[in-house]
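Remarks on the structure that follows.
The values are calculated or read from the model by the stated rules, or taken from the named source; none is laboratory data. Predicted, not measured: the structure shown is a model, and the values here were computed from it. Cβ placement follows ideal geometry from the backbone for every residue including glycine, while neighbour counts extend to all protein chains displayed. Surface accessibility is based on the protein's heavy atoms, side chains included, excluding ligands, DNA and RNA. Shrake-Rupley method; radii C 1.70, N 1.55, O 1.52, S 1.80 Å.
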Amino acid sequence: MTNQTLKQFSEAREERAKAILENGNPEKLDENTYLVPSSNNKMKYMVTHFDSYSCSCKDYELRCKPRNIYCKHIK
């Protein structure tokens, strides 16, 4: 994946993150853990932050984490 493609990939997630915040609110469970709604508000994903961010969604695990970028729930 080229740097330009990677940048577009990340920017698309940024736009989706904004849409999530317009339609629902993340729920703070504790100092390091949030439940963030999916874009359709049918599911919630656990986002944690200790030394780095992590999300329980498949997009993060399969596409974002290997490329060291954030998914829309983390953004």
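A 1.4 Å probe run over the protein chains yields, for the chain, 72 Å² of accessible area per residue, whole-number rounding. Probe radius 1.4 Å, ligands and nucleic acids ignored: give me the carbon and sulfur share of the accessible area of the chain as a rounded percent. About 47 percent, which is the carbon plus sulfur part of the accessible surface. Restricting attention to the range 4-75, lysine pairs at least eight places apart or on different chains and with alpha-carbon atoms under 20 angstrom apart total 25.
Look at the alpha carbon pairs under 8 Å that are at least 6 residues apart: their mean separation over the length of the chain gives a relative contact order of 28 percent. Each Lys and Arg Cβ is given +1 and each Asp and Glu Cβ -1; about its Cα centre, the chain then shows a dipole of about 300 debye.
Per residue, the convex hull spanned by the Cα atoms of the chain measures out at 81 cubic angstrom. Counting only DSSP beta bridges whose two residues both lie in the chain, roughly 100 percent are antiparallel.
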